[in-house]
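Colleague: One structure is given below, represented as structure tokens, and several questions about it will come after.
The values are calculated or read from the model by the stated rules, or taken from the named source; none is laboratory data. Values in this document were obtained by computation on a predicted structure and should not be read as measured data. Counting neighbours? That spans all protein chains shown, and the Cβs are built from the backbone with ideal geometry, glycine included. What goes into the accessible areas is simple: the full protein's heavy atoms, side chains included, and nothing from ligands, DNA or RNA. Shrake-Rupley method; radii C 1.70, N 1.55, O 1.52, S 1.80 Å.
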Amino acid sequence: MNPQDRLLAKIRERNPELCVEDAFLTPAWFAPQELWVKDHQNSNSAVYNHPLGLRFQGALQISALEESIGAVVRRHHALRSVFSFVDGKLVQIIVPPGRINVPFVDLSQFGEQERESQARKLILEDAGRAFDFANGPLLRAIVLRLGPADHVLALTTHHLVCDDWSTGILVRELATLYNAFTRKAPLSLPDLQFQYGDFVRWLEKQLDGEKLETRISFWRGQLAGGDSFHHLRPNQPRPPKQSFRGAEQKRILSEDLIASLRLLSQRERASLFMTMLAAWQCLLHRVSGATHIAVGSCAANRPLAEVEGLIGRFGNDLVLRTDLSGNPTFQEVIGRVRETALTAYSYQDVPFAELVKRLDSARDPSRNPLFQVMFIMQDAPKQGCEFPGLNWSWFTFDVGTAKYDLNVWLKIRGGGLEIAFEYNTDLFETATISHLLRNYHGLLQAVVADPGKRVAELPLECGSHLAGQQPACLPEKQPSPSDDVGKPGPSMAFMVKELRPALGDSPRMGQWAEAASNPNEFMIRTPLAPDPTATDPIESQVLKIWEVGFKKPVTIDDDFFQLGGDSLLAAWLFAQIEKRFKISLPLAALFTVSTIRGIANMLRKVSPATQWPSLVAVQPQGWRPPLFCTNGVSGDILYCGPLAGDLGSDQPIFGLQSRGLTGPPHLTIPDMARDYIKEVRSVQPRGPYHLCGHCFGGWVAYEMARQLQAQGEEVSFLGLINTPVPSCLHRSPSEQIRHVAEKGLLDLKNLGNLPTTRKWDFLRRRFVVVQQMVARSNTAAACRRGALLHGNGRRFLPKWILDVSAINLHAAKKYVPEKYSGQVTLFLSEHARPLLYSNAIEGWRALAGGGLEIHTLPGADESALVEPYRLVMAEKMKACLEKAQATASAAR
């Protein structure tokens, strides 16, 4: 009898009245979870209840809503869990679903203010009741009627069976099921073949023996020397036992500040979360004087495609520790935070309580182990959750608890961002938290105004709230801006390490590398650095083009990416450069020279006849197998730069740009794949190969994989990012109109989320895109007439006809993919446009002989490579690449 059967037999023997469907050892997510089960009246367990409220305006069909809740519970094993001890170990047991009782309370007889007050009172009472873990159920629901067309649904689960990601799944499935039950239509949700217990057993294998020791060893090194990282001094003595009494203070950031923070994140190749965390850790550094700042955060921890649609406890606490020594600039802090976060995400699967136990951290009932402050960004689900005949919104309420000394919530609401401080009222006074919140907001404003400021120079409002008689914004020893003068520090070396993948061996990079190895020499040579003003006609003319494009003064050493440049602006700039100098440069040149000085140097060295290779070393360093990324329909590979930053410095990335950007184009996808393979072999002669492509590039990557496999080579990873099947291009006129309408609605939505200052710029760029679409339609018509090539194929029509997007689009329409016997990994946005992607899953499943693995991405199809959604995609891709590498290594 195997261990699983023995466990089931013991449970059934001891609980004959219990109908057991499945059982497994509960992962140690929380340190006190065993106490919760032993004494379910323990008030501490209710602190970890997971309540939410949805308000419906319209004619709510309560019976359909009740049926929908029951159907969700039937679908997800985690919501049918009970807990028990077997041989001293906590076991999660799955039982058949019972009827979910949904009480109905009519509050419409009260006045308007009293209705709201009574509703919040009832919801808080329900949210504060402890669950009976031994008998269940672990989901409660209540419907409150505030008026004939005004209802509130309150749902409460527990963090042992639900996490924040699960909240989105719960609301989304409720909407889908409610739609079906109200219309008496068949249920459209597919059966779940992979359940929470399957994930737990998979996780056990991943954390078996040496694999677990490797992860524990990483965290032991990461947290070495830490003192539980308590950086905030409480106003009151800490009680001997955590009370969890709490309150909340909030502040909403202005649209302009959010836009500036997003732009800064883009320039520094970081996510918005990373930039916000960097600012928070700078504040903690200034408050405490500590150089190693650590906070807790929660990782999604859903490494398998099969669990992305499951409700359950997957989210896991991580400790993110950043070294702020050496008085770095804020830009350097972002780089350090990015490296810390991406590395930590690679080791996110060790259950937090198990980590605490293995690190021999003494359990102190007065405080949370390992960290004091939790820092979380939450993107509340709303899109794609439509209840027919109803308008719905979140019904917010303060539960009056605090799981940590301080929990910093960053809550994305549409295009806005709310900062909420949930704090323990037995430790901190209201004025203290208000002061801290003001300081954080002020620090965010300061870093977007000048991200080059050093941490010690960031302005803070002083006060005496957090450190006794010591002003709160001052550490015991205030760092001086001159602390680093004349002595080596980590910041310059760190800059060299971070920027080398983007700048390669440019003259500036040689200078910086030398400075990192000899800081004293650098201090002497700094005044002799290049003059930031133009020194010859070439630099002057390129400077004028950039100033028109960026709409502001720039210097010849300003970096394109740090100025906020994107692929649309790059295309415009390079088109102007070609018009002026009669030399065509590929956009990928920005990975090597991203300043006016560098581009001017390149223009001096090349000629109109220069042939550029398709292969571009975006990030050549790293010990992992290289990832080869193919170009999009426009031919460029600028998306590879931010992706390289998200995947980490240990992942080499090479891009394959369209040959048609500077010379004769490929006219078919098989030809393009054949030539790309030749260039790939110059870097990696033999497999296994890792390939990926976005949209059009996915078709090219697919064809490369098919041809490599035909040549006897192994392709261990083939990733398609929002790539429809080629048949979607064959549209009728009515379908083309629908496509334009979908795109227009998406543009209007994006426009509404932008601050006023950026709306006109968005419209200007979209007008340029429309002009290009008209030109491409004419070009595509010419292509269909077979007018591209003449005679022996070496003489081409005038250059206007060589529009890369049109040529690639024409090649895509002619492409008929053959079946590929390997596995295909599809990254597909959950709100992708239906006309393009409705049959993507079925189409690729039919072509992928080795199976189709699907990873769902948040947002629309155009946002997959845009922060903050890009980081989600990168995290999933990184897990896939590690899995492919491990599989290939095991096979050898």
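Colleague: For segment 156-179 and segment 600-669, write down the distance between their C-alpha centroids in whole Å.
Modeller: First find each Cα centre; the distance between them is then 42 Å.
Colleague: Using a probe of 1.4 angstrom, how much of the accessible area of segment 284-343 is carbon and sulfur, in percent?
Modeller: For segment 284-343, the apolar C and S fraction of the accessible surface comes to 48 percent.
Colleague: Right, something else. Could you check the simple spin-label distance between S393 and D450, using points 7 Å along Cα→Cβ, in nm with one decimal?
Modeller: Placing both labels 7 Å along Cα→Cβ, they lie 4.1 nm apart.
Colleague: On a full-extension model of 0.36 nm per residue, what is the gain between R74 and T343, subtracting their alpha-carbon distance, rounded to one decimal in nm?
Modeller: Using 0.36 nm per residue and subtracting the Cα-Cα distance, I get 93.1 nm.
Colleague: For segment 134-264, what is the relative contact order in percent, using Cα pairs closer than 8 Å and at least 6 residues apart in sequence?
Modeller: Normalised by residue count, the contact order of segment 134-264 is 9 percent.
Colleague: On to the next question. Which ³J(HN,Hα) values, rounded to whole Hz and listed in residue order, are derived for segment 262-276 from phi using the Karplus coefficients 6.51, -1.76 and 1.60 in 6.51 cos²θ - 1.76 cosθ + 1.60 with θ = phi - 60°, glycine and proline given as x?
Modeller: 5, 5, 4, 4, 4, 4, 8, 6, 10, 7, 4, 4, 5, 5, 5
Colleague: For R233 and D566, calculate 0.36 nm times their separation in residues minus their Cα-Cα distance, and state this gained length in nm to one decimal.
Modeller: Working it through step by step, the gained length comes to 115.5 nm.
Colleague: Sticking with this one: With a 1.4 Å probe and every protein chain left in place, work out the accessible area per residue of segment 622-697 in Å², rounded to a whole number.
Modeller: Value returned for segment 622-697: 28 Å² of accessible area per residue.
Colleague: Apply 1/(1 + (r/R0)^6) to the Cβ-Cβ distance of I252 and D364, taking R0 = 25 Å, and write down the FRET efficiency to the nearest 0.05.
Modeller: 0.10
Colleague: What's the ranking of 401-409, 11-19 by average number of surrounding C-beta atoms within 10 Å, highest first?
Modeller: 401-409, 11-19
Colleague: Work out how much length T535 to E714 would gain on full extension: take 0.36 nm times their residue separation and subtract the Cα-Cα distance, in nm to one decimal.
Modeller: 59.3 nm
Colleague: Put +1 on the Cβ of each Lys and Arg and -1 on the Cβ of each Asp and Glu in segment 123-231; which of V171, F133, H230 then has its Cα farthest toward the positive end of the dipole?
Modeller: About the Cα centre, the residue reaching furthest to the positive side is V171.
Colleague: Beyond 18 Å, what percent of the Cα pairs of segment 65-159 remain?
Modeller: Percent of Cα pairs beyond 18 Å in segment 65-159: 53.
Colleague: How large is the accessible surface per residue of segment 154-267, computed with a 1.4 Å probe and reported in Å² as a whole number?
Modeller: Roughly 48 Å² per residue, with all protein chains present.
Colleague: Here's another thing I want to ask about it. On a 22 Å Cα-Cα criterion, which of the cross-link pairs K605/K678; K205/K878; K544/K582; K89/K241 come out too long?
Modeller: K605/K678; K89/K241
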